[in-house]
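Report on one structure; see the data block that follows.
The values are calculated or read from the model by the stated rules, or taken from the named source; none is laboratory data. In this text, all values refer to a predicted model and were calculated from it rather than measured experimentally. FYI the Cβ positions are ideal-geometry reconstructions off the backbone, even for glycines, and counts take in every protein chain you see. The protein model used for the area step is the full one, side chains on, heavy atoms only, and it has no ligands, DNA or RNA in it. Shrake-Rupley method; radii C 1.70, N 1.55, O 1.52, S 1.80 Å.
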Amino acid sequence: MEVAVEQHLDFFVMKYGYVGVFFSLALGVIGLPIPDEVLMTYTGYAVSRGVLQMPFAVLSAFLGAAAGITVSYLIASKWGLPLLLKVGPYLHLNPKKIESTQKLFAKYGTFLLIVGYFLPGVRHITAYLAGMSGMKYRVFAVFAYTGAFLWSITFLLLGRALEKEWFKVTVYVRHYGLTFLLIGGAIAIAWYLLMKYRQSLKT
């Protein structure tokens with residue numbers, strides 16, 4: 001199975017390159033059933049082989065994730081919860097998942113926009129909730145795009161480090177998902193405190 005997946009991804013990356021990574025992640029973040037972490041990890045493996053270049057891989061992954069989450073935010077800003085409940089089942093987002101993420105978003109808000117990327121299923125909903133809550137785009141963009149960058153580079157670096165063992169990332173995510181979340185959270189908190197400190201220096 002791993003060999004078959006690798007062959008498909010190798011064909012995909014060789015044929016579509018950075019453009020394929022961009023559109024796959026954009027559609028995946030919106031909610032289509034695309035294995036985002038697997039694709040990014042394999043892209044990192046392609047970087048280790050010299051097939052792709054790391055700066056362009058990071059850029060295409062970040063822009064794809066950012067584009068997907070922005071589209072989700074804009075859709076929710078205009079049509080809101082009724083549309084999400086209606087189309088959710090087609091995007092593998094059931095009412096229970098939506099409700100639980102709503103509670104998380106109400107409690108953690110902007111913070112969830114960053115660390116939510118590291119939680120499969122949650123990252124597909126946070127942008128919709130941000131749009132429905134009336135969050136200003138400027139605030140949304142700062143946190144959501146920071147999360148997109150951290151998430152993208154994390155899995156690209158994992159793929160480059162694991163090389164031929166890149167497929168094991170699916171096992172690591174399954175068993176150490178909380179660890180990834182805590183690491184992402186720690187980075188997000190450090191970044192937030194740095195921004196607050198820089199802002200205080202300006203005042």
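Can you find a residue that is open to solvent by 60 Å² or more (accessible area, probe 1.4 Å), assigned to a helix (DSSP H, G or I), among the aromatic types (Phe, Trp, Tyr) and at pLDDT below 70 anywhere in the range 52-67? No; the residues of the range 52-67 include none that is open to solvent by 60 Å² or more (accessible area, probe 1.4 Å), assigned to a helix (DSSP H, G or I), among the aromatic types (Phe, Trp, Tyr) and at pLDDT below 70.
Which residues, counting only those in the range 15-33, are aliphatic (A, V, I, L, M), more than 18 Å from residue 53 (Cα to Cα) and surrounded by fewer than 17 Cβ atoms within 10 Å (Cβ to Cβ)?
First, the residues of the range 15-33 that are aliphatic (A, V, I, L, M): 19, 21, 25-27, 29-30, 32.
Checking the rest, the ones that are also more than 18 Å from residue 53 (Cα to Cα) come to 26-27, 29-30, 32.
The answer is 32, and nothing else.
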